[in-house]
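Q: Take a look at this one; I'll ask things after.
What follows is calculated from the coordinates using simple rules that are stated; it is not laboratory data. Keep in mind that this is a model prediction, so the values were computed, not measured. Note: ideal-geometry Cβ built from the backbone for every residue, glycine included; neighbour counts use all protein chains shown.
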Amino acid sequence: MDTTILKQMARLITNEKQLNEFITYGGVGAALETIDGNIYTGISIDTACSMGFCAEHSAIAEMLKHGEHKIKALVAVDSEGHAVPPCGRCRELISQLSSTNLQTIIEVQDGVQVLLSEILPYDWKKSLSDQW
Ligand SMILES: [Zn+2]
């Protein structure tokens, strides 16, 4: 799958800003496409005391707000526009939304696409259920 458009959209919203001495935001941007073909975006929030969240989390919240939870593809970019892989917490969140998301295509670095299942081995949920 071509993730060029998702990456361009993620780049458009990525623009790190310092709100005050405690909070910066927008240093990472993410764009995802659902299996229904809709695109949602989100930005990161970085705070003192680790109260922020990832751009992927933000995009997922936007998706859920619109009643969707199955992701075809996802790209997150850093402040220089390069693709970055989701952290472990985001990998787990994406996988818990639906077992079909184990087939989500993720651009983990510029020009390198993998399935979520490839970067989430030994999934603990598979011991409980085949499909969720
Ligand atoms: Zn994350």
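Q: Quickly run through the range 58-84 and pick out the residues that are within 28 Å of GLN131 (Cβ to Cβ) and buried (at least 20 other Cβ atoms within 10 Å of the Cβ).
A: SER58, ALA59, ILE60, MET63, ILE71, LYS72, ALA73, LEU74, VAL75, ALA76
Q: Considering only the range 39-57, state which residues are more than 10 Å from the ligand (Cβ to nearest atom), polar (S, T, N, Q) and within 22 Å of ASN20 (Cβ to Cβ).
A: Residues satisfying the conditions are THR47, SER50.
Q: Looking only at the range 28-57, filter to residues that are of a type in the set (Gly, Ala, Ser) and buried (at least 19 other Cβ atoms within 10 Å of the Cβ); which one of those is farthest from the chain's Cα centre (by Cα)?
A: SER44
Q: Within the range 75-94, track down each residue that is within 11 Å of the ligand (Cβ to nearest atom) and not charged (D, E, K, R).
A: Of everything in the range 75-94, those that are within 11 Å of the ligand (Cβ to nearest atom) and not charged (D, E, K, R) turn out to be ALA76, VAL84, PRO85, PRO86, CYS87, GLY88, CYS90, LEU93, ILE94.
Q: For the range 85-124, how many residues meet the condition of being surrounded by fewer than 17 Cβ atoms within 10 Å (Cβ to Cβ), within 19 Å of HIS57 (Cβ to Cβ) and among the charged types (D, E, K, R)?
A: 2
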